[in-house]
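What follows is a set of notes on a single structure, which appears directly below.
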There are 2 protein chains.
Amino acid sequence: MAAPGPARRLSERIVLDAAFGVVRDHGFTALSIRRVAAVLGVTPNALYTYVPDRAGLLRGMVERVMSAVDLGTLAIATLSPAERLVEFAVAMRRTLLGHPGGAALIMTGPIDGPHALLLNEALLRTLTETGLTLDDAARGAYALQVHVLGTVMLEAADGGDGDPAREEALAIERRAALERVDASGVPLTAQTADIVARYNTTAQFRWSVRRLVDGMLVAG
Amino acid sequence: MAAPGPARRLSERIVLDAAFGVVRDHGFTALSIRRVAAVLGVTPNALYTYVPDRAGLLRGMVERVMSAVDLGTLAIATLSPAERLVEFAVAMRRTLLGHPGGAALIMTGPIDGPHALLLNEALLRTLTETGLTLDDAARGAYALQVHVLGTVMLEAADGGDGDPAREEALAIERRAALERVDASGVPLTAQTADIVARYNTTAQFRWSVRRLVDGMLVAG
DNA sequence: ACCTGAACACCGTTCAAGT
DNA sequence: ACCTGAACACCGTTCAAGT
């Protein structure tokens, strides 16, 4: 049953590795079929054997990033279910921001691969442990994913990558920028400049996820 | 003080109008400097008089979409502050999804124009009325924006545009797709297929925003 | 100052041909 | 079956030249 013709010189795995390499070294905007092919020392068309098209390449990359999200925090026995949910969200945010191009990737299409399903299932399991009905657990699982992905999107647009040192540098930058804004029309925003400058930090993220989880438990 | 040289044939407003027209007629992916120029019957270079570059064009478009968000719902006297916040979030989601390319636009860069500041200020005002401290109001204002933008991003990636009829059609499509998934590894997800299929609906959005707001008020 | 025309350095994708 | 080479129809941006 040997396949006819010449043997494959590449694989989807190798193509994805090269694609992530391009993003790591030159940024997400530099990602292209032609550049990945160049890195692999092959003509652009050769990639179409391993990937259907550009969108297919991106789907594969999204799936790999999602597979890197650690579901283990949802099983830490010493934490309450609510605390586990918060820690999971923190870990997921960190993974998406830390992966080369992770934030940009999740915006390129629907997140409905196998690992996204497993993530949803793990959230459902933990949420039902808090006493929520199964239907409310499903709604809550989506709300949590929305919150993580929305955070990651806004942070990435702002230049963040989940690194605490970078977070601090960006906060200082934003604080200075707010100082230059005309405060007369937005007095409350000006008064809370210290908080606004720290919107994209782990502390702010933890605060809001905790509120979301608390709101779900209060109603349930 | 008349400016020397030939008069301007275009304006930033006209360029932005044409850009939104391209997105409306051919989708966000079709948006390009060259295509906008073609619509205006001008060479691509002519646009550089009115817009610094492609990123500048996108910034202008984001600002216009943000200016279309109605802050009026935050001032409806017959509603409680919490209800006003939920209605505002619903209206903001609807505006972003309804605008041609609105969802794709908000992912193209930081949202920090003048209208974003005014939106933040209006949220702060309403949140302080609920009895939150000014600092917590600032955190809450960002959490709400994260939630709306995350929702819009996921819905747009899934093909939604905020239209209720389209929402219903997509829900039925997703329900059928879930039927084909192997349920053995994700029993809870399979059991809640009806809810999962309706993740991207106004009802689900209202549910999660309400929980987020409730969580902020309980803690405050 | 504003616009054109030509050019540079890129894209994704298809097709016909080689092995 | 897999890969190459050539081609098609696009990009954003720059530069020199015209008015």
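Derivation of every value follows stated rules applied to the coordinates shown; laboratory data play no part. Fair warning: this is a prediction, and the values are worked out from it, not measured in the lab. Counting neighbours? That spans all protein chains shown, and the Cβs are built from the backbone with ideal geometry, glycine included.
The table below lists the values:
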item	result
Helix B:54-67 vs. chain B, principal-axis angle (Cα, 0 to 90°, nearest 10)	50 degrees
Footprinting exposure proxy for B:Asp182, B:Asp158 (fewest neighbouring C-beta atoms within 10 Å first)	B:Asp182, B:Asp158
Karplus 3J(HN,Hα) series, Hz, for segment B:12-17 with 6.51 cos²θ - 1.76 cosθ + 1.60 (x for Gly, Pro)	4, 4, 5, 4, 5, 4
Cβ-vector label at 7 Å, B:Gly72, separations to other copies in nm	5.4
Scattering profile of the protein assembly as shown at q = 0.14 Å⁻¹ [log10 I(q)/I(0), Debye over alpha-carbon scatterers]	-1.45
Residue-wise HN-Hα coupling along segment A:156-163, computed from phi with Karplus coefficients 6.51, -1.76, 1.60 (Hz; x: Gly, Pro)	5, 4, 8, x, x, 9, x, 7
Under DSSP loop assignment and at most 14 Cβ neighbours within 10 Å, longest trypsin sites (Lys or Arg not before Pro)-free interval of chain A	A:10-179
From the C-alpha gyration tensor of chain A, square roots of 5λ in Å	36, 26, 13
Label 7 Å beyond Cα on the Cβ vector: B:Ala7 copy-to-copy distances, nm	7.4
For segment B:6-51, Kirkwood radius (reciprocal of mean inverse C-alpha pair distance, Å)	10.5 Å
Relative intensity, log₁₀ I(q)/I(0), of segment A:62-110 from a Debye sum that treats every alpha carbon as a point, q = 0.29 Å⁻¹	-1.01
Position B:Arg34, label points 7 Å along Cα→Cβ, spacing to each other copy in nm (shortest first, one decimal)	1.1
